[in-house]
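K.L.:
Got a structure for you, questions after.
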Amino acid sequence: MFSEKCFSYVNTIATLNQSDNYFLLYKSNHESPIGYITLQNFHPTLNRCDLIFFIDSKFEKLGYCTLMIREIIIICFEKLNLEKIIAKVIPSNKAAKNILEKVNFLKEATFCNEILTYKNELKDIELYGLISEDFDIDFDNSPNKTFSI
């Protein structure tokens, strides 16, 4: 089950962004979600969207998030025919940046004082992008895990 802090965060995000597309990650032998992905800001002319992801701290560094993102990328490029996926990351979030780089996202830019945190602090963000032609559908360096979205 999501830890209380994690559940509160996910619930707040879902409440604020009711028009987005949410995918919950379930471990095969686990009743409750262990993470989620949100696809938002679909831009029909440029054929792109933003990707946001989160995994409960109990399931970090086990490969689930990488697998989850890889599957969503396939959906975005193969089923939704998108040309680009964008992810915004706070520079101190090394784990998120490593995950994005594992699936071929490239850092494109840094924006200073771009977001306001729940603590009312301005933070920089780094913009990562992946265009469809740079994604290798056969790429597989992920651990053998069973999950469903």
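K.L.:
Name the residues whose placed amide hydrogens come within less than 5 Å of the amide hydrogen of Gly35, ignoring near sequence neighbours (fewer than 5 apart) on the same chain.
P.N.:
Correct list: Leu25, Asp56.
K.L.:
Please compute, over every Cα-Cα pair in region 29-76, the percentage with a separation greater than 12 angstrom.
P.N.:
Summing the P(r) of region 29-76 above 12 Å gives 67 percent of all pairs.
K.L.:
Tally Lys and Arg at +1 and Asp and Glu at -1 over the other residues with C-beta under 13 Å from the C-beta of Thr45: what net charge comes out?
P.N.:
Within the 13 Å Cβ shell, the charges total +1.
K.L.:
Can you tell me the order of 104-117, 47-60 when each peptide is scored by its average per-residue count of other Cβ atoms within 10 angstrom, highest first?
P.N.:
Per-residue mean Cβ counts within 10 Å order the peptides as 47-60, 104-117.
K.L.:
Checking the table Lys58/Lys88; Lys61/Lys119; Lys79/Lys123; Lys84/Lys123 against a 29 Å threshold on Cα-Cα, which pairs fail?
P.N.:
Listed pairs above 29 Å: Lys79/Lys123.
Throughout, read-outs are computed from the coordinates displayed, never taken from laboratory work. The structure displayed is predicted, hence computed values, not measured ones. FYI the Cβ positions are ideal-geometry reconstructions off the backbone, even for glycines, and counts take in every protein chain you see.
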